Amino acid sequence: MTDVDPDTRTLVLLRHAKAEQGSDAADDAERPLSARGNADAAAAGAWLAHQGLLPDVVICSTARRTRQTWHGVAMGMTGSPPEGGPTGPRPTVRYEPGAYDAHPEELLSLVRTVDPAARTALLIAHNPGISLLSALLDPEGVDDEGLRTAELAVHRCPSGWMELSRAGAPLTARHTARG
């Protein structure tokens, strides 16, 4: 997807893929993806490639399941037939501890730090924060259920990352990846 307006940015929000159930709250950040989660993450990457939404910057929670989701997405973007496409230039990846268990305003603050030259950013995080951020950016595009595991929400930002604000980025696409 190419933008005509050089000031437009694309923010892709991704709720991490399906994780194994944890035994207690203490190990929540270390829960790995399930087999389905791994397949869904790769399908998310293939969809991004097929849509031409290859990220310049990736902001990813440090939880194990989000890091594994990013790995699967990256693998899915490599062009494995028939769904994928070229990976393009390697994105800058930032693992952010603050994205784990974050409120939408905290996630928005992370997005505002993206390099101004970046055209497309991918944020991989957790519910409820990631769903609430999508709703904050486009209250009209709200789904009462929020983002499902491995669901992508694509928002268009008509100005730079620093100017991104409440109701300032319309939702242009949603896709639930299933592998």
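Under the condition of being part of a helix (DSSP H, G or I) and among the polar types (S, T, N, Q), which residue from region 26-75 is farthest from Leu11 (Cα to Cα)? Per the criteria, the residue is Asn38. Within region 136-152, residues that are at pLDDT 95 or above have Cβ atoms under 6 Å from residues that are surrounded by 16 or more Cβ atoms within 10 Å (Cβ to Cβ) and part of a loop (DSSP other than H, G, I, E, B) in these pairs: Leu137/Ala169; Thr149/Ala17; Thr149/Lys18; Ala150/Ala17; Ala150/Ala177, counting only partners at least 6 apart in sequence or on another chain. Number of residues in region 154-172 that are in contact with a Gly (Cβ under 8 Å, 6 or more places away or on another chain) and polar (S, T, N, Q) equals 1. Test Leu147 against the criterion of being within 13 Å of His16 (Cβ to Cβ) and part of a loop (DSSP other than H, G, I, E, B), and give yes or no. Against the criterion (within 13 Å of His16 (Cβ to Cβ) and part of a loop (DSSP other than H, G, I, E, B)), Leu147 qualifies.
Quick check, is Leu132 over 23 Å from Ala35 (Cβ atoms) and modelled with pLDDT of 95 or more? Judged against the criteria, Leu132 is a match.
Of note, Gly84 satisfies the criterion of being touching a helix residue (DSSP H, G or I) at 6+ places or on another chain (Cβ under 7 Å), in a loop (DSSP other than H, G, I, E, B) and at pLDDT below 95.
Can you find a residue that is of a type in the set (Asp, Glu), touching a residue at least 40 places away in the same chain (Cβ under 8 Å) and in contact with a Ser or Thr (Cβ under 9 Å, 6 or more places away or on another chain) anywhere in region 20-42? Before you say what the answer is, go through the steps one by one.
First, the residues of region 20-42 that are of a type in the set (Asp, Glu): 20, 24, 27-28, 30, 40.
The next check asks that each one be touching a residue at least 40 places away in the same chain (Cβ under 8 Å); those that pass are 40.
Filter once more, keeping what is in contact with a Ser or Thr (Cβ under 9 Å, 6 or more places away or on another chain): 40.
The answer is yes; a qualifying residue exists.
Being assigned to a loop (DSSP other than H, G, I, E, B), touching a strand residue (DSSP E or B) at 6+ places or on another chain (Cβ under 9 Å) and of a type outside the set (Asp, Glu) is a property that Ala17 has.
The values are calculated or read from the model by the stated rules, or taken from the named source; none is laboratory data. These figures come from a predicted structure and were not determined experimentally. Note that we place each Cβ from the backbone using ideal geometry, even for glycine, and neighbour counts take in every protein chain shown.
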